[in-house]
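The values are calculated or read from the model by the stated rules, or taken from the named source; none is laboratory data. Note that the structure is a prediction, hence the values are computed from the model and not measured. Note that we place each Cβ from the backbone using ideal geometry, even for glycine, and neighbour counts take in every protein chain shown.
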Amino acid sequence: MTIDLENIEHLFSLLDMDIDFGGKTAGTLRQDLIFLILRTLERTIQTENLSRGPWGIAAKGIGDDKLVHGRAIFATYVELFSALASRRWIGGTFGIPNDGKCQDTIITMNYDCLLDDCLTKIGVQPAYGLKEPELPQEFRCCGYEMSFLKLHGSANWFKCISGRCAEKIMIAGGTPTKRLEYFYAPHCPHCGQNAVEPVIVPPTWAKGGQSEVLRPVWSEALKALREAGRIFIIGYSMPPTDEFFRYMLALALATNEGLDKVVVVNNSPDAQKTFESLFHSQFGMRKLRKEETKIGEYTTNRELAIELGQHQVGFDQPLIEDSGFRVQ
């Protein structure tokens, strides 16, 4: 049969089916495949591989009539996205509330930790929605918290499957190399058993035995989509293998009466057509907005800042510099 084994999702689907219905070696193959994926991600997707600003930020003071250019910030586009999404660099009414919990939610299907690391760098802890996870030191030192829901698992999530730990969830901290130590020496720090495995779920028909671990994450994601005033779909093309998110989005929008708009940021014409066909034509005409550009450009050309309302007050330069970035 002409199944495309170069497509990682198809390969995952075959292995999951072999595991569920009597495969003898697929379990080992699946672990090897996960190891290959995570090692590749951790060695290639890092902020050091991204270009750094300066990026100008649109700003408008209270009472001003015109939009003016704010100062330039030296950061990668992912660091800038982290700050805009969390409102970390905005003070006062439009910034992070006094309780330290950011107003918005990020939902992602990616396994890598690039955005996690950038949030932590600016003092914002990724709140994964997992049940009582064990957090690394750098997470516990953050003064703020943002709901960051990774529907398919993460390169820094591990669980112990021994009877002593009852599937205890551990978040690996440190550098990408440090996180990969769980693969090289997968011994639980609590019970000492060789029973630690990554929490990774492929976007396929099966969920690889991780449903119970991820159930609270999926529940939080559904709740966030149901209550959202605006939804940004950034760089995601809704692949045919990911029916799971398609149904989650449909279920959420069925009861979301306060949704103002859906913004699809994607430079692929095929992806834009997918979302045009996904929504009812009347909904699309009233609430769907297309941004045919790359996420890096959308973040650094001020469009995201303006869409998030962060042009209404000037950025707080001390807050920016306090999180380790240079302003010019």
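General observations
- Being touching a strand residue (DSSP E or B) at 6+ places or on another chain (Cβ under 6 Å), more than 23 Å from LEU36 (Cβ to Cβ), charged (D, E, K, R) and surrounded by fewer than 22 Cβ atoms within 10 Å (Cβ to Cβ) is not true of GLU132.
- Matching residues in the range 81-108 - criterion: being in contact with an Asp or Glu (Cβ under 7 Å, 6 or more places away or on another chain) and in a loop (DSSP other than H, G, I, E, B): TRP89, ILE90, GLY91, GLY100
- The set of residues in the range 51-68 being part of a strand (DSSP E or B) and at pLDDT below 50 consists of VAL68 alone.
- Test: residue in the range 98-121 that is surrounded by fewer than 16 Cβ atoms within 10 Å (Cβ to Cβ) and at pLDDT below 90: yes
- Considering the range 98-133, the residues that are free of Cβ contacts under 8 Å to residues at least 24 places away in the same chain and polar (S, T, N, Q) include one that is nearest to VAL78 (Cα to Cα), namely THR120.
- Positions within the range 235-251 being more than 17 Å from GLY284 (Cβ to Cβ) and either at pLDDT 95 or above or of a type in the set (D, E, K, R) (or both), in sequence order: ASP242, GLU243
- When the range 299-323 is filtered for residues that are part of a helix (DSSP H, G or I) and at pLDDT below 80, only GLN317 remains.
- Considering the range 151-181, and only residues there that are among the basic types (Lys, Arg) and under 18 Å from THR47 (Cβ atoms), the residue that is modelled with the lowest pLDDT turns out to be LYS178.
- Only a single item in (1) touching a strand residue (DSSP E or B) at 6+ places or on another chain (Cβ under 6 Å); (2) loosely packed, with under 15 Cβ neighbours inside 10 Å; (3) modelled with pLDDT under 90 is not met by VAL213, and it is number (2).
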